[in-house]
Structures are given as structure tokens and as C-alpha cells.
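Everything below concerns the one structure shown next.
Taken together, the values in this text are just the output of simple stated rules run on the coordinates, not laboratory data. Fair warning: this is a prediction, and the values are worked out from it, not measured in the lab. Every residue, glycine as well, gets a Cβ built from its backbone with ideal geometry; the counts of neighbours run over all protein chains shown.
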Amino acid sequence: MKPLLLVMCIAVATVACATRQLAPEPGSGTYELRNAHWLGPSGFTQGTRYVVNGRFATARPARVDSSLDLSGGWVVSPFGEAHNHNLGYTSATRTDSVIARYLHDGVMYVQNPGDLPRSRDSLNGRVNRGGQLSVAFANGLLTATGGHPTGLYLRNLSRGTMTKADGDGGFLWLIDSLPDLERKWPRILDGHPDIIKTVLVHSEEYARRRNDTAFFNWRGLNPSLLPAIVSRAHAAGLRVMSHVETAADFHAAVVAGVDVIGHIPGFRGDENVQLPSAEPYQILREDAQLAAERHTWVVTTVGGIQTVDRQGPDSARRRAFDLLATHNLRVLKNAGVRLAIGSDEYRDDSVNEVRYLASLNVFDPLSLLRLWSENTPRAIFPSRRVGCLEDGCEASFLVLRMDPSVDIARTDSILLRMKDGRLLR
Ligand SMILES: [Zn+2]
């Protein structure tokens with residue numbers, strides 16, 4: 001399916017699609033990287049590698065500008081964050097501090113599946129150039145009238161941080177019918193999204209919720225429209241991510257052929273952030289198998305519950321969320337579904353999501369490391385050679401002081417960062 005998509009991308013979708021996924025302008029320096037352990041398919045192996053024209057090489061080039069002794073460190077690809085909305089311009093100071101935090105934590109591939117397009121314009125020059133964070137943007141989300149996240153939009157409107165013009169056609173695209181989709185689709189493409197974000201919320205109750213004010217902001221697209229959105233997006237060389245709440249949403253998204261599912265069902269529970277019953281949120285084995293067969297990515301976003309203390313007064317709720325996340329992660333893992341790490345935590349990057357996943361003991365540290373540093377960058381930029389340290393891969397990496405396959409918390413022992421063949425300070 002991928003090669004076909006690429007061909008269609010080149011044939012149909014013109015410059016936007018063809019250029020969006022290119023690697024940033026690399027640094028021109030040639031490096032020798034000595035004395036390190038390199039993560040590869042069979043774990044860490046010792047050796048020397050080179051950086052030539054912003055790509056890794058195993059053969060020594062004719063000229064080496066700098067030879068770096070990596071002090072026996074552990075080299076991994078930079079980490080990813082496949083679901084966060086905090087890379088949007090608010091003020092220069094705030095934007096720079098968010099970017100600095102990502103770089104500090106070694107999280108260099110980021111996906112913003114729902115942003116205000118005009119705020120994205122203001123990020124120009126701060127991301128997606130050589131040596132900067134690589135960020136993919138969905139622009140406005142496709143949802144139903146009164147659907148998630150209209151509540152967020154209205155809150156921002158009342159605070160004065162968004163305007164009326166930022167509503168339908170800006171932060172949101174309200175799609176209630178096929179004619180709505182047909183009419184708005186050209187404008188959606190005009191915004192040059194990197195991925196199309198769609199919203200399903202309890203799609204098993206779509207008819208009941210669509211006109212009931214009790215479900216304002218807790219409804220989403222008519223699931224029968226999703227295949228039409230997917231086929232249009234794929235024809236334009238674009239992938240589709242779906243927001244999901246329930247196992248039924250997960251099923252609808254997989255069957256419709258979306259490329260990425262943006263959450264694991266039950267990540268935030270019901271309208272009151274409770275989990276009276278886990279059952280509506282438990283992914284069915286058949287659906288997980290279908291997702292694996294279709295190579296659908298699933299983004300985790302389960303760590304939000306960490307703010308509830310395991311020993312505190314609300315410990316029963318915490319335990320219920322922990323059990324549900326553990327169950328769903330096991331079902332996905334056992335079926336061989338491709339997982340990517342994402343937090344959906346506006347005030348964080350993906351570091352605490354990884355800590356939470358580690359605490360559930362579904363993945364050993366090496367598997368978790370691979371999800372974070374290999375899978376997640378590839379999930380965000382599937383046509384780039386990212387998340388790898390082999391010949392021809394983009395020369396972006398972190399050097400860790402300690403072996404992270406022993407304890408994932410060691411991923412914070414970063415000694416050195418390179419992005420696109422450029423050393424970062
Ligand atoms: Zn989100």
C-alpha cells in the first residue's frame with residue numbers, strides 16, 4: 001500500500017505532498033563517531049560510524065572534518081511525540097521554551113494532530129529546518145457540528161485567544177454530510193496539512209448523540225463518512241488519523257482504512273473522566289488483528305491518569321484506568337499492531353507517557369525504547385529514513401551515558417545531540 005500511495009502522491013498531489021516529507025537541509029560537516037554502542041535490529045553493537053551529507057555511513061569517507069569520541073555511550077535515534085498540540089505559536093517566549101524542552105528531552109519528531117493554521121504559520125523558521133524539531137501538522141480537525149473539540153474552541157473564543165474566523169474552516173472543519181465534505185475538501189487541501197485528523201466519539205451512538213445537547217462536545221463525525229474522507233486523503237497522498245474514544249470507534253476507524261488511530265480507547269474515560277465499566281473501551285482481538293494486517297498505527301496517550309495517585313483517595317479509579325490500559329496494550333502488542341508513543345499532554349512532551357508505560361510492565365525497557373526512538377519517528381514521517389542509525393538514515397541521534405535497555409529512565413542521561421547532521425548545543 002505504501003509504494004502505491006507514494007506513486008499517487010507524486011502523480012496527483014503536486015508539490016505540497018512531495019516536499020512535506022523531505023528531510024531538512026543537512027549540515028555539511030563530515031564526522032567520525034568513535035567508541036559507542038549503536039542500537040540496531042539485534043540490540044546494541046559497538047563500533048564506529050560516519051556522518052556524510054547529513055546521512056549515516058558505515059564506510060570511512062575520504063575526508064573527515066571532525067572525529068568525536070563518544071566515550072562508550074549508547075546511541076539511539078531521537079525520540080518521538082506522535083500526539084501533542086503544544087507546538088503552536090502563543091508568544092515567542094513560550095514557543096521557544098516549549099521547543100527547548102523537547103530538545104532537552106531528546107524528543108525531536110513531533111506530530112500536532114489539530115492546530116490553528118494561523119498559529120502554525122507563526123512557527124515558520126522555528127521548526128522543520130536543519131537542526132530543528134521535525135514537526136507534522138494536521139491543521140483543523142474534521143468533526144461534526146457540536147463535536148469534539150468545539151468546547152475547546154468556544155473556551156478559547158471566550159478568552160479571546162481565538163476568533164470567530166478560527167472556527168469552521170480554521171481550527172475545525174464541520175462535516176455533517178457528504179456534500180459538506182465535497183464543498184470543504186479543496187479548502188482543507190489548500191492549507192497543506194501533513195495529515196488529516198478526523199474525530200470519532202462514541203460513533204456507536206452517533207444517531208443518538210448528534211442532536212442531543214447533553215452530548216455537546218461529546219460527539220464526532222458520522223462514521224459512515226470516514227471511508228469517503230480516507231479515500232480523498234489517500235488520493236491526495238495524505239494519511240488520516242482518527243481520534244477515538246471507544247472500542248467501537250477503534251473498529252470503525254480500522255475498517256474505514258485510517259492510517260493512524262490517535263488514542264487507545266478509554267484514555268480519558270467517560271464525560272466525567274470516570275470508568276464505570278471498562279467494557280466499552282476494551283479493544284476486540286479481531287479488531288487488533290485487522291489493525292495489524294492493515295499496518296494501522298496506534299498512538300498510546302494513556303499516561304494522563306498519572307496525576308491520580310496510586311495510593312491516594314482516588315486509587316480505585318487509578319487502578320481501573322491502569323488495568324484498562326494494560327489490557328488494551330496487551331491486546332495490541334499480542335496482535336502485532338504498530339504502536340507509537342504520544343502523550344496528548346499540552347504541558348509535557350512524551351517523557352512521562354514513556355514513564356507511565358514502563359510502570360505497566362507490558363513492555364521491557366528495550367521494547368519501549370524501540371517504540372519511542374524507532375517506531376514513533378517512523379509513524380510521523382513514514383517516507384523519511386528516520387528512527388534508524390544505519391547507512392543512508394538521516395544523521396540524527398542522541399548519545400546516552402548509560403545503557404537504556406537496562407532501565408528506560410536512563411534515556412534522560414543525554415550527553416550529545418545531533419539532528420540532520422548538525423551538532424546541537
Ligand atoms: Zn489530541
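A few points about this structure:
- In nm, spacing of pseudo-spin labels at Leu68 and Met402 (7 Å Cα→C-beta vector): 2.2 nm
- Added length on full extension, which subtracts the Cα-Cα distance from 0.36 nm per residue, Arg347 to Arg60: 99.0 nm
- Once the chain from Thr48 to Arg319 is taken as fully extended at 0.36 nm per residue, the excess over their C-alpha distance is 93.0 nm.
- Counting DSSP beta bridges with both ends in the chain, the antiparallel % (nearest 5): 40 percent
- Highest-fluctuation residue, Ala214, Ala23, Ala335 considered, GNM on the chain with Cα pairs under 10 Å: Ala214
- For Arg55, distant residues with modelled amide H under 5 Å away: Ala395
- Sequence of Phe44, Phe250 once ranked by neighbouring C-beta atoms within 10 Å, starting from the fewest: Phe44, Phe250
- Helical content alone sets the calculated 222 nm signal of the chain at -9000 deg cm²/dmol, taking -39,500 (n - 2.57) per DSSP H segment of four or more residues and averaging over every residue.
- Evaluating 6.51 cos²θ - 1.76 cosθ + 1.60 at θ = phi - 60° for every residue in the range 361-369, the Karplus couplings come out as 6, 7, 10, 6, x, 5, 5, 5, 4 Hz, glycine and proline recorded as x.
- Degrees separating the helix 315-335 axis from the principal Cα axis of the chain, which is the longest one: 70 degrees
- In nm, spacing of pseudo-spin labels at Asn361 and Arg210 (7 Å Cα→C-beta vector): 4.7 nm
- Simple label model, 7 Å out from Cα along Cβ direction - Leu22 to Arg285, nm: 4.8 nm
- Exposure proxy for Leu416, Leu357: other Cβ atoms within 10 Å of each Cβ, ordered fewest to most, give Leu416, Leu357.
- Residues Ser122 and Arg425, FRET efficiency given R0 of 30 Å [Cβ-Cβ distance, rounded to 0.05]: 0.80
- For the chain, the tally of Lys pairs with Cα-Cα distances below 27 Å comes to 8, considering only residues 8 or more apart or on different chains.
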